[in-house]
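Visitor: After the structure tokens below, expect a handful of questions from me.
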Amino acid sequence: MSRLSSQIADSEEKVNGFIEEIVDLEAEPKILYRAARHIIDAGGKRLRPFLVLKSCRMVGGREEDALPTAAALEMLHTFTLLHDDIMDEDEKRRGVPSVHTKWGVPVAIMAGDMLFAKVYEAITKHTDAKHVKPRRILQVIKEISEATIALCEGQTRDMMFESKETVSEAEYLEMIESKTAALFEVSARCGGLLGGATKAQVKRLGMFGHYSGIAFQVIDDVLALTADEKVLKKPVGNDIREGKRTLMVVYALEKASKSQRKQILETLGNKDASPEQIRETIEVIDSLGAISYARKLAETYIKKAKKALAAFPASEDREDLISLADLIFARQH
């Protein structure tokens, strides 16, 4: 196991243990707590909490001071996934039935809502004010609230794009900056805040999270068209069926001939599209250079992310964050 894998696994174990304590499967009503834990227990990358803990350590902070916020941000992320699956009518998540598929939409909504409340309970009830100044805890709450608002704005833009024939690259990037990058950015910033970072350090950490988050979403979109379905643990091509205006669709529509454009638009958002139609449409998108273009753009943002860390002193924690950026680009699921 590489150092990074070992570090992520260690972080995951700590975060999981914390979440298991505050989202207790034996609490009543059991259906609510089990629904809330369902996707968390199914796995996940835990990159956002890792980013919180590493950012805290890199500026000289104590990991235990950042653990409640690291767990909180994983719960916030999960809350968005539960609601996303309802909106997208996705039947699977992380290789298991989605919460609304297993327990119904009302329970899935309530489980998501409870996780959102648990975000603030974790931070306010479990952050040790003897070691972290209350004003920094308050700043963390403020920044997480702002990131959640941005996330909702980004998700709404994403949904609105499905009914638009033409979306620009600038519009796509604005959407993912809110929908995805905001949570990576706030994770890094909060880690810095809890570790005692200066304003300049918090800003640089935020830039690292922001650029990494953009790259993460672009690669996520690429994998949704190209990954091995068994590795991805959800149907490849779902983004086409759902009508998502990903960067590759935006690029392909701009470069396509009249007939190619017609083929893409006929499949895009067609819930009844056959696997063969989806495959052929992905081949057209690929032939136009869209997938290659997306990978190159993601690589550009990874370089920007690494550059944001250049001003920090060399340390194992900084190297771990640089390795995290490389992992985001190279991942297969």
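Visitor: By counting other Cβ atoms within 10 Å of each Cβ, how are His126, His131, His210 ranked from fewest to most?
Guide: So the residues, fewest neighbours to most, are His131, His126, His210.
Visitor: Rounded, prolate or oblate: which one fits the range 255-298, using the alpha carbon gyration tensor with axes a ≥ b ≥ c (rounded when a/c is under 1.5, else prolate when a/b beats b/c, else oblate)?
Guide: Prolate, because a/c is 1.5 or more and a/b exceeds b/c.
Visitor: Let me ask something additional. Can you tell me the order of 163-172, 188-197 when each peptide is scored by its average per-residue count of other Cβ atoms within 10 angstrom, highest first?
Guide: Order by mean packing, descending: 188-197, 163-172.
Visitor: While we're on this one: Can you put Leu321, Leu288 in order of Cβ neighbours within 10 angstrom, beginning with the fewest?
Guide: Least to most surrounded, the residues fall as Leu288, Leu321.
Visitor: What number results when the radius of gyration of the range 263-333, computed over Cα atoms, is divided by 2.2 N^0.38 Å?
Guide: My calculation over the Cα atoms of the range 263-333 gives 1.64.
Visitor: Hey, another quick one. Measure out, as a whole number of angstrom, how far apart the alpha-carbon centroids of the range 177-219 and the range 264-317 sit.
Guide: So the two Cα centres are separated by 20 Å.
Visitor: Let me ask you something else. Would you list the membrane-span-like helices of the chain, meaning whole DSSP H runs whose alpha-carbon atoms span at least 20 Å along their axis and whose mean Kyte-Doolittle value is at least -1.0?
Guide: 3-22, 63-88, 105-126, 134-161, 199-226, 290-308, 316-330
Visitor: If I stretch the segment between Asp326 and Lys30 completely, what's the gain in nm (0.36 nm per residue apart, minus their alpha carbon distance), one decimal?
Guide: Full extension of this stretch gives 102.6 nm more.
Visitor: With +1 on the Cβ of every Lys and Arg and -1 on the Cβ of every Asp and Glu, and nothing else charged, how large is the dipole of the range 3-330 about its Cα centre, in debye rounded to the nearest 20?
Guide: Here the range 3-330 has a charge dipole of around 1000 debye.
Visitor: With unit charges on the beta carbons (Lys and Arg positive, Asp and Glu negative) and the dipole taken about the Cα centre of the range 3-330, which residue among Ser5, Trp103, Ile278 sits farthest to the positive side?
Guide: Ser5
Visitor: Over the range 3-330, what per residue volume does the convex hull of the Cα atoms give, in whole Å³?
Guide: Dividing the Cα hull volume of the range 3-330 by its residue count gives 122 Å³.
Visitor: Oh, and also: Distance from the Cα centre of the range 91-164 to that of the range 4-64, in angstrom?
Guide: 14 Å
Visitor: Taking neighbour counts of Cβ atoms within 10 Å as a proxy for exposure, in what order, fewest first, do Ser187, Ser323, Ser274 appear?
Guide: Ser274, Ser323, Ser187
Visitor: In the neighborhood of Leu53, defined by Cβ-to-Cβ distances under 12 Å, what is the net charge if each Lys or Arg adds +1 and each Asp or Glu adds -1?
Guide: That sum, taken over residues with Cβ under 12 Å, equals -3.
Visitor: Along the charge dipole of the range 3-330, Cβ charges K/R +1 and D/E -1, which of Gly289, Leu173, Ile86 sits furthest on the positive end?
Guide: Comparing the listed Cα positions along the dipole, Leu173 ranks first.
Visitor: Within the set Lys45/Lys92; Lys244/Lys304; Lys133/Lys199; Lys30/Lys118; Lys45/Lys304; Lys92/Lys244, which residue pairs have Cα atoms separated by over 20 Å?
Guide: Checking Cα-Cα distances, Lys244/Lys304; Lys45/Lys304 exceed 20 Å.
Visitor: So, one more: Farthest toward the dipole's positive end in the chain, which of Phe329, Gly112, Leu205, given Cβ charges of +1 (Lys, Arg) and -1 (Asp, Glu) about the Cα centre?
Guide: Leu205
Laboratory data are not the source of any read-out in this text; all were calculated from the coordinates shown. All figures in this text were calculated on a predicted structure; none of them were measured in a lab. Ideal geometry is used to build each Cβ from the backbone, glycine not excepted, and the neighbour counts take in all protein chains shown.
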